[in-house]
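See structure below.
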Amino acid sequence: MVLDECFKMKKVNINKSSIAFVLCLWVTTVLGQVEFHFEEYRASKIRVVFRDSSYYSTLDNNGKGEITFSPVLKPGYAVLYGPKNIMYFYLIPTGRQSLLKYKNGDLKFLGAGKAINEYLNGELLELLTLNYNQPENEFLSDWNKMFHNLQINIDSLSLNEEFKKVERKRLHYLACNMLQNYPLHRARFLKQKYYLPHSAFYQQQEKIMIEDSDAYDLWEYRQAFRNYIQALASKNINNNPLNELRYALNYTKKSIKDSNLQDYLIHTFMYGYVRKYGVKDIHEFLPIYNDHVHNIKRKADFKEIYQKFSRIAQGKQAPYFILPNAEGEKISLSMLRGKYIYIDVWATWCLPCCRELPYLFKLQEMYKEKPINFVSISIDEDESKWKGKIKTDDLQGVHLRADRNSNFQKDYQISRIPRFILIDPEGKIIDENMTRPSDPKTINRIDSLFSN
């Protein structure tokens, strides 16, 4: 996972290892039909992910909406993506179930799943606390205490035994995910890009990462193995994304015995790589994907994203665009041709994007006598903030804006920012995922354009 990126759509930052109800809603389930009532939000779209499927509804002007679930589905954990927040709850498709969160923050459960949801949002939250700023030995000691206390707590509760059996597994892998979060938090605390743990950390991970095919339906199980393998790849491969992908695929192919988990992991690693880096250099891995991924939906999703990024691969004609600048003048790709084009896709609300601006200015100064245009394309919806940033910071170069009515984001597969694109004077793609202005490799790459 890229840790210093801003996603295209602004999202609430929630650590999924901690479960928190933050929405105002009321849910009633009768014969598989779920009605939602948000006290605070109106006319908003919501999505519920349950049993690996997504269900959608649009709330009316009273904040009410409903989703129908098949009554043959087994009860399980569901994720509600609300207007601004994410919420976990336990869904029982065949029972009457009500969840109400008031504007003052009070939360109330009624009907089926009452005791389970009270546990998930009461006693459990008190146990899911770790100080990630501690030195490694102290953190591991506290994590071990938490790991054992989670299991002891579930054993002591008067809950349905079938639920407790599944919850024990979920807690195990939830704790695995919390352990795997430590290097990221430690790096942030130390204000450095990476933190490489000591051997004791990896020994602890290896000890608790146990395959269990019966746990496959649990998101925490799948995520724990994804994070674990990615951590091993980062440890053994020094910051080379393609080699990290190669390591992750080979490890999964050789070491993961659960075929469903293997299917999921190989798809996830390949899909994630293409989404971030495009299709360049991944052809050697396609046989691995075809041999081990059999899920029809995953294969269709991968085929779609592969085809989309193939259209903007190296040597392809860059998709045409015509966008307004701060003065309202329309600037097209054809107007910029004849020179190399270095595109910076950004937004005023994206902190990593804004950190790149001084480095971009240095590039502009370095190459002002060279045939290269530096083009900043903002995806800000708020035009005034974009114009204000340009004026306040005296931003130089060509500045354009691609709002949601533009095809630019779709054509160039902009799913996260900052994103950089390099185009040649004939309008063909050189690199759809060009290095950042702050990356020393960028100067070397641009210099090479003019060395011949």
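Taking segment 98-130 as the range and being open to solvent by 30 Å² or more (accessible area, probe 1.4 Å), closer than 26 Å to LYS64 by Cα and in a helix (DSSP H, G or I) as the test, the residues that pass are LYS114, ALA115, GLU118.
Each row is one residue, and each column tells you yes or no for (1) open to solvent by 30 Å² or more (accessible area, probe 1.4 Å); (2) part of a helix (DSSP H, G or I); (3) touching a Pro at 6+ places or on another chain (Cβ under 7 Å).
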site	(1), (2), (3)
ALA313	no, no, no
GLU327	yes, no, no
GLY338	yes, no, yes
PRO358	yes, yes, no
PHE361	yes, yes, no
GLU381	yes, no, no
LYS387	yes, yes, no
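Applying a threshold of 8 Å to beta carbon distances and a minimum spacing of six or more residues, or different chains, the list of pairs starting in segment 111-135 at a residue that is modelled with pLDDT under 90 and ending at one that is surrounded by fewer than 16 Cβ atoms within 10 Å (Cβ to Cβ) and basic (Lys, Arg) reads GLY111/ARG96; ALA112/ARG96.
Please work out which one of (1) in a loop (DSSP other than H, G, I, E, B); (2) touching a Lys or Arg at 6+ places or on another chain (Cβ under 8 Å) is the condition ALA187 fails and give its number. Against the list (1) in a loop (DSSP other than H, G, I, E, B); (2) touching a Lys or Arg at 6+ places or on another chain (Cβ under 8 Å), ALA187 comes up short only on (1).
Of all residues in segment 321-343, those satisfying the criterion of being touching an Asp or Glu at 6+ places or on another chain (Cβ under 8 Å) and either under 14 Å from GLN413 (Cα atoms) or at pLDDT below 95 (or both) are PHE321, ARG337.
For segment 274-307, which positions are open to solvent by 30 Å² or more (accessible area, probe 1.4 Å), outside any loop (DSSP other than H, G, I, E, B) and touching a helix residue (DSSP H, G or I) at 6+ places or on another chain (Cβ under 9 Å)? Within segment 274-307, ARG275, LYS276, TYR277, GLU284, LEU286, ASN290, ASP291, HIS292, ARG298, LYS299, ASP301, TYR306 qualify. Here LEU140 meets each of (1) outside any strand (DSSP E or B); (2) touching a Phe, Trp or Tyr at 6+ places or on another chain (Cβ under 9 Å); (3) open to solvent by less than 30 Å² (accessible area, probe 1.4 Å); (4) under 27 Å from GLU40 (Cα atoms) with one exception, condition (4).
One residue stands out in segment 229-247 among those that are at pLDDT 90 or above and among the polar types (S, T, N, Q): the one that is nearest to LYS207 (Cα to Cα), namely GLN230. When segment 389-411 is filtered for residues that are among the charged types (D, E, K, R) and either assigned to a strand (DSSP E or B) or open to solvent by less than 10 Å² (accessible area, probe 1.4 Å) (or both), only ARG401 remains. Looking at TYR182, TYR195, TYR202, just one residue is under 21 Å from GLN223 (Cα atoms), at pLDDT below 90 and open to solvent by less than 80 Å² (accessible area, probe 1.4 Å), and that residue is TYR195. Listed by first and then second residue, the pairs with beta-carbon distance under 6 Å, at least 6 apart or on different chains, first residue in segment 428-446 and within 23 Å of PRO319 (Cβ to Cβ) and among the charged types (D, E, K, R), second open to solvent by 20 Å² or more (accessible area, probe 1.4 Å) and not in a loop (DSSP other than H, G, I, E, B), are LYS428/GLN317. Residue pairs whose Cβ atoms lie under 7 Å apart, separated by 6 or more positions or on different chains, with the first residue in segment 225-249 and within 22 Å of LYS280 (Cβ to Cβ) and touching a residue at least 24 places away in the same chain (Cβ under 8 Å) and the second of a type in the set (Gly, Ala, Ser) and in a helix (DSSP H, G or I), are GLN230/ALA248.
For segment 146-153, check the following and say yes or no: at least one residue is closer than 30 Å to GLU35 by Cα and among the aliphatic types (A, V, I, L, M). There is no residue in segment 146-153 that is closer than 30 Å to GLU35 by Cα and among the aliphatic types (A, V, I, L, M).
In the set SER332, SER376, which member is open to solvent by less than 20 Å² (accessible area, probe 1.4 Å) and under 20 Å from PRO437 (Cα atoms)?
Values: SER332 fails: under 20 Å from PRO437 (Cα atoms).
Sole residue among the options that is open to solvent by less than 20 Å² (accessible area, probe 1.4 Å) and under 20 Å from PRO437 (Cα atoms): SER376.
Residues in segment 216-233 include at least one that is in contact with a Cys (Cβ under 6 Å, 6 or more places away or on another chain) and open to solvent by less than 40 Å² (accessible area, probe 1.4 Å).
Any residue at all in segment 153-161 that is open to solvent by less than 20 Å² (accessible area, probe 1.4 Å), assigned to a helix (DSSP H, G or I), in contact with a helix residue (DSSP H, G or I) (Cβ under 8 Å, 6 or more places away or on another chain) and closer than 17 Å to TYR88 by Cα? Before you say what the answer is, go through the steps one by one.
First, pick out the residues of segment 153-161 that are open to solvent by less than 20 Å² (accessible area, probe 1.4 Å): 154.
Now drop any that are not assigned to a helix (DSSP H, G or I), which leaves 154.
With the extra rule that they be in contact with a helix residue (DSSP H, G or I) (Cβ under 8 Å, 6 or more places away or on another chain), the set shrinks to 154.
With the extra rule that they be closer than 17 Å to TYR88 by Cα, the set shrinks to none.
No, the conditions are met nowhere in segment 153-161.
Would you confirm, using the coordinates I've provided, whether ILE152 is without any contact (Cβ under 8 Å) to a residue 24 or more places away in the chain, closer than 29 Å to LEU184 by Cα and among the hydrophobic types (A, V, I, L, M, F, W, C)?
Details: without any contact (Cβ under 8 Å) to a residue 24 or more places away in the chain: yes; closer than 29 Å to LEU184 by Cα: yes; among the hydrophobic types (A, V, I, L, M, F, W, C): yes.
Answer is yes for this residue.
For SER259, the criteria (1) closer than 30 Å to ARG436 by Cα; (2) exposed (fewer than 15 other Cβ atoms within 10 Å of the Cβ) hold in every case but one, which is (1).
The values are calculated or read from the model by the stated rules, or taken from the named source; none is laboratory data. Note that the structure is a prediction, hence the values are computed from the model and not measured. Don't worry about glycine lacking a Cβ; one is built from the backbone with ideal geometry, like all the others, and counts go over all protein chains shown. Protein only, heavy atoms only, side chains kept; ligands, DNA and RNA dropped before computing areas. Shrake-Rupley method; radii C 1.70, N 1.55, O 1.52, S 1.80 Å.
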